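Just so it is clear, none of the values below were taken in a lab; they were calculated from the coordinates. Predicted model only: the values in this text are computed from it and were never measured. In this analysis, Cβ positions are derived from the backbone assuming ideal geometry, glycine residues included, and neighbour counts consider all displayed protein chains.
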Amino acid sequence: MMAFGDAVAIVASNVKGFSKHDFARNHPAGALGKKLLLTVEALMHKKHTLPLVTPTASFKDVLVTITSKKLGLAIIVDEQQALKGIITDGDLRRACEQGPHIFNSQAQDIATLHPKFIAPGMLAYVALEIMEDFNITSLVVVDNNAVVGLVHIHDLIKAGIQG
């Protein structure tokens with residue numbers, strides 16, 4: 001009977017022109033609704049919660065920022081908030097292997113200079129796909145060439161976004 005009911009529902013949906021987007025609008029809390037409606041902007045960390053540093057920030061300042069903001073990375077921005085790079089906690093550990101001179105370096109010396117980023121209006125499931133494709137856990141959110149947020153894989157999972 002369930003299969004028959006499903007078949008009738010599918011035929012009725014096709015006859016009425018009821019799409020998966022219509023379904024998502026009527027069921028926004030469901031898996032399909034979240035996948036088709038939830039944006040990065042709704043889940044991103046913003047403003048004072050962002051781990052921002054300047055290109056000339058000291059190793060110590062980068063370490064303090066990463067630790068205090070608890071997002072696992074620092075975002076390097078210029079005066080206009082343009083994205084210049086990121087430094088992950090893994091980058092810091094790898095830098096330490098170079099020897100004690102690394103503690104005298106600046107953020108720009110140990111940064112990943114061309115990190116992956118996403119626009120705030122993109123769907124959250126697209127952010128998850130990018131993270132999975134590149135085996136990363138965070139994406140910087142950039143709007144009009146300025147950093148406006150950060151979305152972490154834990155935020156996506158907590159919101160019920162599935163790949």
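Overview of values
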item	result
Residues whose placed amide H lies under 5 Å from that of LEU83, excluding near-sequence neighbours	VAL147
Extended-chain gain in nm, criterion 0.36 nm per residue less alpha-carbon gap, LEU63 and HIS114	16.3 nm
Amide hydrogen neighbours beyond the local backbone of VAL53, cut-off 5 Å, H modeled	ILE75, ILE76, VAL77
Prolate/oblate/rounded call for the range 38-158, Cα gyration tensor, a/c under 1.5 rounded	prolate
Trypsin sites (Lys or Arg not before Pro) within the range 58-154, DSSP loop, no more than 11 other Cβ atoms inside 10 Å	LYS70
3J(HN,Hα) from dihedral phi, the range 66-79, Karplus parametrisation 6.51/-1.76/1.60, rounded to Hz, x for glycine, proline	4, 5, 6, 7, 6, 10, x, 7, 10, 9, 8, 10, 8, 4
Under 15 Å, Cβ to Cβ, from PRO115 - net charge with Lys/Arg +1 and Asp/Glu -1	-2
3J(HN,Hα) from dihedral phi, the range 42-53, Karplus parametrisation 6.51/-1.76/1.60, rounded to Hz, x for glycine, proline	5, 10, 6, 7, 10, 6, 5, 7, 7, x, 8, 9
Antiparallel bridges, percent of DSSP beta bridges restricted to the range 38-158 (to nearest 5)	80
Potential extension, HIS154-HIS48 segment - 0.36 nm per residue separation minus Cα distance	36.2 nm
